[in-house]
1. Kindly indicate the residue of the stretch 305-337 that is over 12 Å from M406 (Cβ atoms) and under 21 Å from the mean Cα position of the chain (by Cα) and also surrounded by the most Cβ atoms within 10 Å (Cβ to Cβ) among those meeting that condition.
2. Kindly indicate the residue of the stretch 170-211 that is touching a helix residue (DSSP H, G or I) at 6+ places or on another chain (Cβ under 6 Å) and modelled with pLDDT under 95 and also nearest to I137 (Cα to Cα) among those meeting that condition.
3. Quick test of your reading of the structure: T150 fulfils all but one of (1) more than 15 Å from the chain's Cα centre (by Cα); (2) surrounded by fewer than 24 Cβ atoms within 10 Å (Cβ to Cβ); (3) in a helix (DSSP H, G or I). Name the failing condition by number.
4. What are the residue pairs meeting all of these: first residue in the stretch 181-210, first residue assigned by TED's automatic domain parsing to the domain that holds S156 and under 18 Å from V444 (Cβ atoms), second residue among the β-branched types (V, I, T) and assigned to a helix (DSSP H, G or I), Cβ atoms under 8 Å, and 6 or more apart or on different chains?
5. Go over the candidates L54, L143, L151 one by one and state the one that is under 24 Å from M237 (Cβ atoms), in contact with a Phe, Trp or Tyr (Cβ under 6 Å, 6 or more places away or on another chain) and modelled with pLDDT of 95 or more.
6. When you scan the stretch 105-118, do you find a residue that is in a helix (DSSP H, G or I), closer than 23 Å to Y430 by Cβ, at pLDDT 95 or above and out of contact with any strand residue (DSSP E or B) (no Cβ under 8 Å at 6 or more places or on another chain), even just one?
7. Taking the conditions exactly as written (under 21 Å from the mean Cα position of the chain (by Cα) and either surrounded by fewer than 24 Cβ atoms within 10 Å (Cβ to Cβ) or modelled with pLDDT of 95 or more (or both)), does D42 satisfy them or not?
8. With respect to A225, is the statement that it is under 28 Å from R420 (Cα atoms) and assigned by TED's automatic domain parsing to the domain that holds N366 true?
Amino acid sequence: MKRILYTIILSFSVVFLNTSCDFDTRSYMNIDSENAFITAKDVTNGTNGSYSALGAYRFYGTNILAMGDMSTDISAGTSGGHYISFSSWSILDSQEELKETWDYGYKVVSNTTRTIIGGKKLLNQNVSGASTIEMGIAESYALRALAYHTLVNYFSFPYHEGTENLGLALLTNKPLEKKEPIKRSTVGETYTLILNDIASAKQYLADAISHGATAKNEFYMNEAAIYALEARVKMSMHDYAGAKSAAQKALQLKNAKDISNAKYVEKWSSLEITDEDIFTISKSLDDNLSSNSINTLYGTYKAEVKKTLIDVFNKTSDIRYIELISDNHPKKFDGINGSDDTNNLPVFRVAEMYLIIAEAEARSNNIIPAQEALFHTARRDASITSSASLPNTQNGLIDFISKEYMREFFQEGVRYFYLRRTNEPITVGYGSNAVSNFDISKFVYPIPSKEINAPGGVSQQNEGWADRLPSNNK
């Protein structure tokens, strides 16, 4: 990140056709921000490059999904595989996956910032293609907000643990220069920027549509996806009313429809957009992820789902268990015909919006609306035939929702974000090294040591992070 934060010099010499491409240093050119954007096409290229960084296996392509489950009560690595340090909680500040996540998160941040700056310059110059430029700016704001929200949940304490805690190093309207070690903002300042970016994304998208741009589909940060991101962010802030409103808007814009159990199962072996998708990272047969795919992690490398996950299912009637788990092997990302390593990777789904609404209603003790929203996913268990058959107390609903996050989002990394904001104690680790009653929201991962030790890098570590690792000796 030291190269990324103090100067933004990235420029893409090729057009990335989808989010599946990975970054390659050969794609960067030492062109200053002032001269990197000449036409509307340059904005499109920059935006596609940001999608590429987001979808790289070092960020949302694998790391975020894997770390988010391995560090919770969902899944575990084995001695022959990757991410075992997360499932065993033997974390070091030199952890390669943490460094990759930090670096590629900031690749998204740096490239979106450059695109925003360059796009605005072109708008001020009245360059042709205003709607294309505005669309690129809108997507860049949304992608930057998503990257920041992801990074702040891994490298800072949760919002509700204190807004004055150290947040992220923030890029906004200009590069940070290599004059002195980079200072981190607070968590509160980080969330303020995230919300401001979401608001800007909405505005530039509205401008683009009004000027004739075509609305994007679910492989892009479309309007429904922007509201879905807002819903997730506001849940992190315990703004339940705001989260519910944003989730409802996302569902409205998606024109969300119920998806049959058969279509739900089919979704996981298809590269087509479904009624469940709001924003998904597109992968193709050309990606050749091989050892870096989610499937290889849970296949060749023998990662497996934990008994704590299996035990929350009704094994005789829940389609998610019957069709998508075999013994301790999860099957969501087992690939498509012709490629075991190829799957689209969901970032925002309709199911999450309904669970956000259900939880927001439950925490306000609105029992019937909570049941009705919860039924969208709960009915994947055929024994649950109506919303009225769901728990009818606040505590019962919240407990069911917690387990529903496990049942619905295993392999997707979402459970981690849920636990970060709820203080729910869980059992982490496995076997003789299992630790019970661990509250992930009290833990924070270290800033990678290579970043801390680099000249001109971020100077402030999360002091005492190692003392917060789960231990039976505490």
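1. This residue is F333.
2. By that ranking, first place goes to L171.
3. For T150, the failing item is (1).
4. The qualifying pairs are V187/V152; T190/V152; Y191/V152; Y191/V233; I194/V152; I194/V233.
5. Working: L143 fails: in contact with a Phe, Trp or Tyr (Cβ under 6 Å, 6 or more places away or on another chain); L151 fails: in contact with a Phe, Trp or Tyr (Cβ under 6 Å, 6 or more places away or on another chain).
Selected residue: L54, the only one of L54, L143, L151 that is under 24 Å from M237 (Cβ atoms), in contact with a Phe, Trp or Tyr (Cβ under 6 Å, 6 or more places away or on another chain) and modelled with pLDDT of 95 or more.
6. Step one: list which residues in the stretch 105-118 are in a helix (DSSP H, G or I), which gives 105-118.
When the remaining residues are screened for being closer than 23 Å to Y430 by Cβ, the result is none.
So far as the stretch 105-118 goes, no, none of its residues is in a helix (DSSP H, G or I), closer than 23 Å to Y430 by Cβ, at pLDDT 95 or above and out of contact with any strand residue (DSSP E or B) (no Cβ under 8 Å at 6 or more places or on another chain).
7. On the way: under 21 Å from the mean Cα position of the chain (by Cα): no; either surrounded by fewer than 24 Cβ atoms within 10 Å (Cβ to Cβ) or modelled with pLDDT of 95 or more (or both): yes.
It is false that D42 is under 21 Å from the mean Cα position of the chain (by Cα) and either surrounded by fewer than 24 Cβ atoms within 10 Å (Cβ to Cβ) or modelled with pLDDT of 95 or more (or both).
8. Working: under 28 Å from R420 (Cα atoms): yes; assigned by TED's automatic domain parsing to the domain that holds N366: no.
So A225 fails the test.
The values are calculated or read from the model by the stated rules, or taken from the named source; none is laboratory data. Remember, it's a predicted structure, so these values are computed and weren't measured experimentally. For neighbour counting, all protein chains shown are included, and Cβ atoms are generated from backbone atoms with ideal geometry for every residue, glycine included.
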